[in-house]
Amino acid sequence: MLAPNKMRVLEISNLQKSFLTPDRKRHDVVNVSDFFLEEHAHVALRGESGSGKTTFLNLIAGILKPDSGRVAVAGREMSALPEPERDRLRATAIGYIFQTFNLLQGYTCLENVLVGMSFGHGVDREKARRLLDRVGLRDHQNHYPRQLSTGQQQRVAVARALANQPKLVLADEPTGNLDSANAREVLALIRETCRENGAALLLVSHDREALGQFEQIEDFQKFNNNASNDPVVDHL
Amino acid sequence: MTLWWIIYKSLRQHAFSTLLTAFSIALAGGLLMSVWAVREQSHAAFTGMSGGFDAVLGARSAKLQLVLNAIFHLEESPGNLAWPDYLEIQANPNVALAVPIAMGDNYRGYRLVGTTTNFFTKAEYAPGKRCTPRAPGRIFDPAAREAVVGSLVAQKLGLKRGDVIHPFHGLQFDEEKEHSETYLIVGVLEPTNTPADRVIWIPLEGLQKMSGHDPQAASDVSAVLIQLKAGSAVAGQRLSLFYNKEGNRLTFAWPIGQIMAQLFGKIAWFDRVLELVAYLVALVATGSILASIYNSMNERRREIAILRALGAHRRTVFSSIILEAATIAALGMVIGFAFYSAIMTAVASVVRAQTGIVLDPLAFHAIMIWAPLGLIGLSALSGIVPAVKAYRTDVAENLAPIS
């Protein structure tokens, strides 16, 4: 059920995306009729590998263009915007955390955060330092990603995702490359920092332990290809 | 700001290939500018260099040979002319100054040229400038066995006032052909940056009557350097007609600048070949930028995808590649100027030693503007292919975990 006076940071309707397979057959990957996410909500999507979760997140982030349907982020219709505007909206309103961190290898931790800022609201060195401090990397700001452990690298990615104070954070299997201790820590950190920054969190994973930390877990396969108009996710 | 930061980081990340390609641009730019500058400067120096004389009268020969021999002290002498021929041209009312010269001996490879004191006291190699010995030196006494040494010869052979030299017969140095006479050096000329710097000057009679020379030709001279009276271009034409068309014994080489220009006309093909080689090197160098960036595109794709995921526009990644190529070229051209200076200094040193003419490595040429601009522009163009590849990078595909 939709709680009153809560703004939707993400609204999706009739979203469809298909790809051509190597043997020239069209394969439907995403077919979501209705989905939304309210501000400050933390939702985990469960789904098997290859079920289309990453494509779903890429469609939300505007990295992929849907075949049809509507995606609105922070009140702006992402899918209707021209590409440069989509890029801008992605930079300012969305933070993206990847399974493989996707840090820029030639940039220090601080620079990785700064480069994220540079496409959004502008570079703020002090804020970037504070963010790295918050994720426990006070003494590693000038280290390059290759000089960090995998857990530390994901912390940099978390700081970078929050650098522009996004309304929505997308996390794609963020613990997939971490051992269980690191996974727990990083996941807790993602949730805490999202809460502190007032960002909604949409996490996709097939890791039971990760999913177990969420109060609200939805099955991606249930609402993907779901033709009904009922919202698949109903927030508390 | 972000764009330049991305470029800077990329250049640093690919530092080795950046330096390598910048080096090839430097070599190409340095070579292109040097070829151009040497051609321009040598053309200007050789066609503008006449030692202050308008014409040369000598034995029947090609005008170019006569000028190269009498003015530049290169080439073999085409033969002699008799003393009365000198007296005749000297008496011509259109001639302001006629200086006879005789040659045929050397000192350790540097020519001994016999002349009169008029060469030092009346002839001006440039307006208001005469060949003058450094104090406390003086010009030779025409009746004595004395010599005045050009500045380059003095520098190369370590000669100074008070030294005594033994001339050698012929224009090529041969230790076994030493003359018995000795000459006392009484002065070293101030540098003139003309061929006079690489000559040892002795009295005309001294060279004519050197032991071993043909006594029959003792009064002959090798050539007469002529200064026409002001505004006597018509006289120059008349004399040219008189000696070259109506007579067949002597050659009147006039005007000197035009004759030298003919030399450059004859070797223009060589200039063009050098130029073509320089252009090809430039093309290969800019091609190396293309190859270097293009080859690194596979490793760059992920970075480009990350930047795009963070919000970078397609045009930002496109521009970053173009500007990166241009920056490598700009960096190369900075080093290119160092190459240019080194090449020009080496060439100038050789040209000065061989001809006495000085090329200025620091002189400005238009090529110094358009070669860098051209190479930077060409490099930016060569960046288009990898830039298009960057522009088309599939973000989602390249963000996927690498298995």
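Every number here is computed from the coordinates shown, using simple stated rules; none is lab data. Predicted model only: the values in this text are computed from it and were never measured. All Cβ positions, glycine included, derive from the backbone under ideal geometry; neighbour counts span all protein chains shown.
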Stretched fully, the stretch from B:Glu299 through B:Ala126 gains (0.36 nm per residue minus C-alpha distance, one decimal, in nm) 55.9 nm
Pseudo-spin-label distance B:Ser211 to B:Phe173, built 7 Å along Cα→Cβ, given in nm, is 2.2 nm
note: segment A:1-84, Cα-Cα separations exceeding 15 Å make up a percent value of 61 percent
Taking a straight Cα-to-Cα line shorter than 18 Å from A:Lys6, and setting aside same-chain lysines fewer than 8 residues away, one finds A:Lys167
Share of Cα-Cα pairs in segment B:229-358 beyond 17 Å, whole percent, is 78 percent
Amide H contacts under 5 Å for B:Gly104, restricted to residues at least 5 apart in sequence or on another chain and with H modeled in the peptide plane, are B:Leu112
Filtering trypsin sites (Lys or Arg not before Pro) in segment A:19-97 by DSSP loop and by at most 10 other Cβ atoms within 10 Å leaves A:Arg24, A:Lys25
Restricting to aspartates and glutamates and to Cα separations under 17 Å from B:Lys122, and discarding same-chain partners fewer than 8 apart, the set is B:Asp54, B:Asp141, B:Glu190
Filtering GluC sites (Glu not before Pro) in segment A:1-101 by DSSP loop and by at most 11 other Cβ atoms within 10 Å leaves A:Glu48
Too long for a 32 Å Cα-Cα cut-off, among A:Lys127/A:Lys222; B:Lys63/B:Lys177; A:Lys25/A:Lys222; B:Lys156/B:Lys229, are A:Lys127/A:Lys222; B:Lys156/B:Lys229
The extension gain from A:Met7 to A:Arg26, computed as 0.36 nm times the residue separation minus the Cα-Cα distance, is 3.2 nm
Taking a crude spin-label model, label points 7 Å out from Cα along the C-beta direction, the A:Ala188 to B:Ala346 distance in nm is 6.8 nm
Exposure-ranked with fewest Cβ neighbours within 10 Å first, B:Ile304, B:Ile25, B:Ile343 stand as B:Ile343, B:Ile304, B:Ile25
Env charge @ B:Ile6, Cβ radius under 13 Å, K,R +1 / D,E -1, value +2
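Can you give the local net charge around B:Pro133? Use residues other than it whose beta-carbon is closer than 9 angstrom to its beta-carbon, Lys and Arg +1, Asp and Glu -1.
Within the 9 Å Cβ shell, the charges total +2.
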Assertion target for A:Lys65, B:Lys245, ordered by fewest C-beta neighbours within 10 angstrom first, is B:Lys245, A:Lys65
Cα-based Debye curve of segment B:163-279 sampled at q = 0.20, 0.22 Å⁻¹ gives log₁₀ I(q)/I(0) of -1.17, -1.24
Taking the convex hull of the alpha-carbon atoms of segment A:109-216 and averaging its shadow over every direction gives an area in square nanometres of 6.4 nm²
Over the Cα atoms of the protein assembly as shown the radius of gyration and the largest Cα-Cα distance (Dmax), both in Å, equal 41.8, 129
Over chain B, the sum of -39500 (n - 2.57) across DSSP H runs of at least four, divided by residue number and rounded to 500 deg cm²/dmol, gives at 222 nm -17000 deg cm²/dmol
Using the Cα gyration tensor of chain A, the equivalent ellipsoid's semi-axes, largest first and to the nearest Å, work out to 28, 19, 18
In units of 2.2 N^0.38 Å, the Cα radius of gyration of chain B is 1.41
For A:Val29, other-chain or 5+-apart residues with amide H closer than 5 Å (H placed, Pro excluded) are A:Lys17, A:Ser18, A:Phe19
Taking Rh as the Kirkwood radius computed over alpha-carbon pairs of segment B:81-184 and applying Stokes-Einstein at 25 °C with viscosity 0.890 mPa s, one gets a diffusion coefficient in µm² s⁻¹ of 160 µm²/s
Distribution output for segment B:287-345: share of Cα-Cα pairs per 5 Å bin in percent, first bin at 0, values 4, 16, 19, 19, 14, 10, 7, 5, 4, 2, 0
Taking only Cα atoms of segment B:55-254, the Rg to Rh ratio with Kirkwood Rh works out at 0.96
Summed over the other residues with a beta carbon less than 15 angstrom from that of A:Asp133, with K and R at +1 and D and E at -1, the charge totals +3
